[in-house]
Structures are given as C-alpha cells and as structure tokens.
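Take a look at the structure set out below.
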Amino acid sequence: MLRKTDQAPLVSLNNAGIRRNGRWLVRGVEFSISRGEIVTLIGPNGSGKSTTAKAAIGVLKPDEGWVEKIPGLKVGYVPQKLAIDWTLPLTVERLMTLTGPLKGREVEEALHSTGIAHLARAEVQHLSGGEFQRALLARAIARKPDLLVLDEPVQGVDFSGEIALYDLIKSIRNKTGCGILLISHDLHVVMAETDTVICLNGHVCCRGTPQVVSQSPEYLKLFGSRAAKTLAVYSHDHDHTHLPDGRVLHTDGSITEHCHPDDGHHHGEHAHGEHDHGAHDHVHGPDCGCGYKSRLQGFDTKESDRV
Amino acid sequence: MFDDFFTRALIAGIGLAITVGPLGCFVIWRRMAYFGDTMAHSALLGVALSLLFDLNLMLSVFIVAAAVSLLLLLLQKRGALSTDALLGILSHSALSIGLVMVAFMTWVRIDLVGFLFGDILAVSQADIDLVWGGGILVLAAIVYLWRPLLASTVNPELAEAEGLQPERARLYFMLLMALVIAIAMKIVGILLITSLLIIPAATARRLATSPEIMAVLASVIGVLAVTGGLFGSLHFDTPSGPSIVVAAMGLFVLSLLPFGRNRNVETAIHSTHGGHH
C-alpha cells in the first residue's frame with residue numbers, strides 16, 4: 001500500500017465556512033486529506049457534504065477560514081448531479097477527454113477497470129444510472145489525479161455494484177496512492193477502507209474511524225462475507241443534537257440556543273474533534289441523523305435501518 | 001453571371017454561416033436560444049446609438065449586445081427574477097428603446113425593415129471584409145476555447161475542479177456572441193439572427209456522433225441554408241433574412257425524415273426550442 005502520510009496533506013480545510021443568502025451552509029470545518037488517505041463525509045441531506053467537498057477542491061471559496069492545497073494539485077471529480085443535454089452528442093470515449101487530453105491506452109485502461117470497456121462508443125445519454133456512474137468514475141481516474149473527489153459515487157448502483165465500486169476505489173487508492181474524498185449517501189455504512197469518517201450537519205458533528213464489519217458476526221450475517229470486507233459501520237459520537245427549531249439539545253438534557261464549546265455541556269472536546277463551535281446562526285433540519293436523537297427524542301429517522 | 005451585389009451577399013453569407021455553426025451548437029447545448037435572441041434584439045439599440053453619435057455601426061452593435069449580456073449576468077446574480085423573465089424584459093426593452101430612438105431622430109432616414117430582416121443589397125465589400133475577418137477571429141477563439149467551453153457546458157463545477165476556467169470561458173462566449181450578432185445583422189437581420197445559430201445546429205444533431213462533428217456539420221448546413229435562401233431571395237424578390245431561415249427550416253425538416261438512427265433526438269430538439277419564440 002502506498003502511504004506517504006509524512007508528506008504535507010494534499011488539501012486541508014481550516015475552520016472553513018461557506019455562507020449563502022445570509023445562511024451558513026457549513027461552518028468550522030477542519031480536516032485534511034493526504035496521499036493514500038480515504039476520507040468519507042456523511043450527514044443528512046442538506047448538511048453541507050457537497051458544499052464542503054466543493055470548498056476542498058476550490059469550486060467554492062470559503063467565506064471564513066481557509067483552504068490550503070499543494071501547488072499543482074490534480075483533481076478528479078465526480079459531481080453528485082450531472083445532466084448532459086440530449087442535444088450534445090457525447091460518447092463515453094469522448095467524455096473521457098472532456099477536461100484534458102489522454103492517450104488512447106489510458107482511456108482504455110480506465111474503461112476496463114470500471115468494467116464498461118464495451119460501452120466506449122455508446123452515447124452517455126443511453127447509459128443506465130449505474131453505467132453512467134462508472135463512466136464518470138472512469139473519466140475521473142483516467143486523468144490520474146492526486147485527489148479523487150467522489151460525490152455519492154454509488155448512487156443508482158445496486159448493492160453488488162456498490163461493493164464492486166468500493167472495491168475499485170480501494171484498488172485505485174492502493175495502485176496510485178491518490179487521496180480520496182468520498183461522500184456517502186448512507187449515514188452509517190461507509191467503505192471499510194475509510195481512514196477518517198466525518199459526520200457533518202452544518203458543522204463537524206463528530207469524526208472517527210469506522211468499525212470494520214467483517215469483525216462482527218452480526219454484520220457478517222447481514223451483509224454477506226464479500227460485502228462485509230468492503231463495508232464498515234460508523235457509530236456516531238455526538239454530544240449534542242440539533243432540534244428542528246435550531247436550538248441544541250445536549251446529552252446532559254439541557255437545551256441551549258447555540259452550541260458553544262465553552263458552555264459546559266460538551267464532553268471531551270479533544271476526543272470529539274478539533275472543530276470550533278462558533279455561534280451557529282443556521283437552522284438545522286429536523287433530522288440530525290445521529291443515533292442519539294432517535295433514542296432521546298423518538299424522532300423518525302429517514303435513513304434505512306440497515307444497521 | 002450574377003450581379004455584383006448578389007455575389008457579395010453570397011460570399012458574406014457563406015462566411016457568416018461557417019462562423020455561426022459551432023457557436024450555434026453551444027447555444028443549443030447550453031439552452032441559450034432565448035439569451036441569443038435577447039442579445040440580438042438589443043442590436044437595434046446599437047443601431048440607434050450609432051446613428052445618434054455617428055459611431056461605426058458594427059462596433060456600437062457589438063458594444064450594446066455585450067453590455068446587455070453582462071447586465072443580464074449581473075441581474076441573474078441578484079436573483080430577484082427568473083432568467084426568462086429578465087430576458088423578456090431586457091430583450092423587448094432594448095428593441096423598443098431602439099425603435100423609439102430611431103423614431104425621434106427625424107433627420108435620419110433608415111431602412112428599418114432592412115435592419116430587422118436583413119438586406120442583401122446593403123452588403124458592401126467592407127462588410128465582406130468584416131464578416132470574414134470577424135469570422136476567422138470567432139472561429140479561432142472557439143477552437144482555442146473549445147475544451148473549457150465544452151467541459152463547462154457539461155458541468156461548470158467539474159470544469160473548474162479540474163483546472164479549467166468556466167467563468168472566463170462563459171465571458172468570452174458572450175463576447176463572441178455579441179461579435180457574431182454585429183456581423184450577422186446586415187445579412188439575416190436582427191430578428192432572425194438566432195435562427196441562423198440554432199436551426200443548422202439542431203439539424204446537425206441528428207447526423208453528428210461527436211460535438212466536433214456537430215460543429216462542423218452545423219457550418220456546412222448553414223452554408224447550404226444561406227446559399228439556398230439567397231438564391232430564393234433573388235428569385236422571388238423576398239427579404240434575404242427570412243428566405244435564409246425558410247431554407248434552413250427546410251433542411252431541418254428533411255433531417256427529421258425517418259432515415260436517421262436516433263429517434264430520441266427529435267424530442268430533445270423540440271424541447272430545446274421550447275424557450276425560443
């Protein structure tokens with residue numbers, strides 16, 4: 001495995017915040033991605049995962065804090081949504097060289113490794129959701145990026161396809177040693193190879209390493225032995241819950257207007273994460289996505305109960 | 001053979017058709033048909049200003065069209081109204097202000113119909129030079145900007161993430177549109193410029209297998225439409241602009257006849273035309 005963690009991180013976000021229309025989409029985000037490292041962002045819809053990823057690759061400029069990149073960072077990006085107009089005649093092969101020239105061999109290799117070599121001459125509008133995701137992934141890896149940013153790369157892909165794509169992502173990391181920023185559509189199940197999971201909900205709610213599924217017989221039964229090697233479970237460690245009205249419920253049962261780090265309600269700030277709880281003037285959705293909420297409040301959680 | 005004026009119109013028209021082909025493809029890929037219309041309509045304001053201040057006609061049309069497109073970008077960022085409402089306001093305001101200004105200038109006599117629908121009689125040697133000079137400039141810029149333009153058409157964030165500059169490409173695209181409108185005005189007329197952009201490109205879609213082929217085909221189809229239209233215009237004594245558009249439409253209808261491969265394209269082309277009046 002190519003791991004050069006001693007080198008400077010490819011990208012690091014330092015207390016980064018993005019504000020739109022007078023509302024903080026995300027705030028106080030701190031993390032970095034090094035070569036060979038896989039960072040997975042999870043969180044409910046609207047929690048700022050895509051926004052954070054866009055800030056990391058420089059598509060969005062942070063309104064506070066800053067983002068550091070190594071000079072000449074080569075990014076491969078798979079956006080969450082990509083609609084190609086019907087009027088644009090674009091084959092999978094042509095899609096590969098959309099943002100930069102490639103050798104024919106490189107295109108072939110990328111298509112082959114994502115398992116869609118037979119679709120090289122197909123028009124992208126004719127692909128199924130899963131095939132299109134593979135084409136986008138092939139396009140991103142064909143340019144041999146330093147940093148691969150994948151925004152929900154397994155959307156529209158069935159369960160076994162998801163396992164196959166995660167295996168592919170793992171092998172890309174092992175082969176090229178690139179850093180990978182992955183956004184997961186699932187709140188609890190992440191790629192087993194993930195080094196760091198970051199749970200977002202307008203700010204970094206918690207972070208940690210996933211629990212490898214294959215070590216637990218329960219999950220082994222649930223996922224099957226092949227999937228269990230690829231998937232992992234992330235158990236959230238939140239010390240507070242964002243209520244629908246924007247107030248904050250702490251684990252000690254008290255409710256405050258904002259979550260300040262120094263109000264005495266937080267447990268082990270250092271273990272919890274390095275983020276700074278500034279004054280959050282944003283309104284959170286009703287579903288923070290953390291286990292605490294459903295246990296404490298009996299709220300309906302929208303995500304599937306796979307775990 | 002032909003009268004001089006007709007040869008001049010033909011040379012200018014062919015030059016124009018080659019120029020607008022690739023640009024027209026971007027107009028339909030980016031769903032900017034109505035946007036092009038708005039810029040074209042504002043050309044009449046440019047005509048009025050050129051008469052009022054005694055400026056070069058093409059230069060003032062270019063400046064007004066570019067200014068209107070920048071104004072639209074600014075208004076879009078404020079986000080108070082939807083883009084098509086903004087386009088409707090800008091488009092017809094600019095056209096009307098131009099018409100009102102021309103009406104006030106009682107000391108000038110201009111051929112309004114010629115500006116609105118094109119006038120082959122008006123094409124001079126200087127116009128040919130401008131059409132071909134401007135055309136080569138536009139084509140060179142399109143070739144140079146091809147990759148960032150195409151990538152940002154597919155997805156601007158993807159383009160930016162991977163080191164291209166979609167905002168800059170978009171700005172240059174607007175300026176190229178303004179330039180094309182300025183040089184196309186005399187031949188097809190203000191009201192019909194966008195159709196020369198859109199119809200050949202839409203016709204090319206059914207025959208093309210890649211963006212590059214579509215751009216070249218759009219130029220070829222445009223040349224056929226201009227040639228056919230100008231001969232028709234000469235023969236039936238009709239205004240040149242509408243004659244060219246009718247010829248282009250004829251080619252488009254031909255391309256819809258069921259000997260192509262791809263039926264889905266038809267619905268796509270219809271939906272692209274939805275925003276265009």
Other protein chain Cβ atoms within 10 Å, averaged over every residue that makes up A:121-130
1
For chain B, what is the mean residue ellipticity at 222 nm derived from helices alone (per DSSP H run of n ≥ 4: -39500 (n - 2.57); sum divided by total residues; nearest 500 deg cm²/dmol)?
-27000 deg cm²/dmol
Within 10 Å of each residue's Cβ, count the other Cβ atoms and sort A:Ile42, B:Ile128 from fewest upward.
B:Ile128, A:Ile42
How would you order B:211-218, A:167-174, B:3-10, A:178-185 from highest to lowest mean count of nearby Cβ atoms within 10 Å?
A:178-185, B:211-218, A:167-174, B:3-10
Ranking A:Met191, B:Met105, B:Met249 by Cβ neighbours within 10 Å, fewest first, what do you get?
B:Met105, B:Met249, A:Met191
Where a ≥ b ≥ c are root eigenvalues of the Cα gyration tensor, a/c under 1.5 meaning rounded, otherwise prolate if a/b exceeds b/c and oblate otherwise, region B:161-252 counts as oblate
Region B:38-144: trypsin sites (Lys or Arg not before Pro) falling in loop per DSSP and having at most 14 other Cβ within 10 Å:
B:Arg109
Average beta carbon contacts from partner chains per residue of A:88-100, 10 Å cutoff:
6
Can you tell me how region B:4-273 classifies by the Cα gyration tensor, rounded, prolate or oblate, using a/c under 1.5 as the rounded cut?
oblate
Just counting partner chain Cβ atoms within 10 Å, what average do the residues of peptide B:24-36 show around their Cβ?
2
Could you tell me which helices of chain B pass both thresholds, a Cα extent of 20 Å or more along their own axis and a mean Kyte-Doolittle hydropathy of at least 0.5, with helices taken as whole DSSP H runs?
B:4-29, B:57-78, B:83-104, B:125-154, B:166-188, B:211-236, B:240-256
Report the net charge of residues surrounding B:Met32, where surrounding means a beta-carbon distance below 14 angstrom and charges are Lys +1, Arg +1, Asp -1, Glu -1.
0
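Only the coordinates and a few stated rules stand behind these numbers; no lab work does. Quick caveat, the model's predicted, so the values are computed rather than measured. Here Cβ is always computed from backbone atoms with ideal geometry, including for glycine, and neighbour counts include all displayed protein chains.
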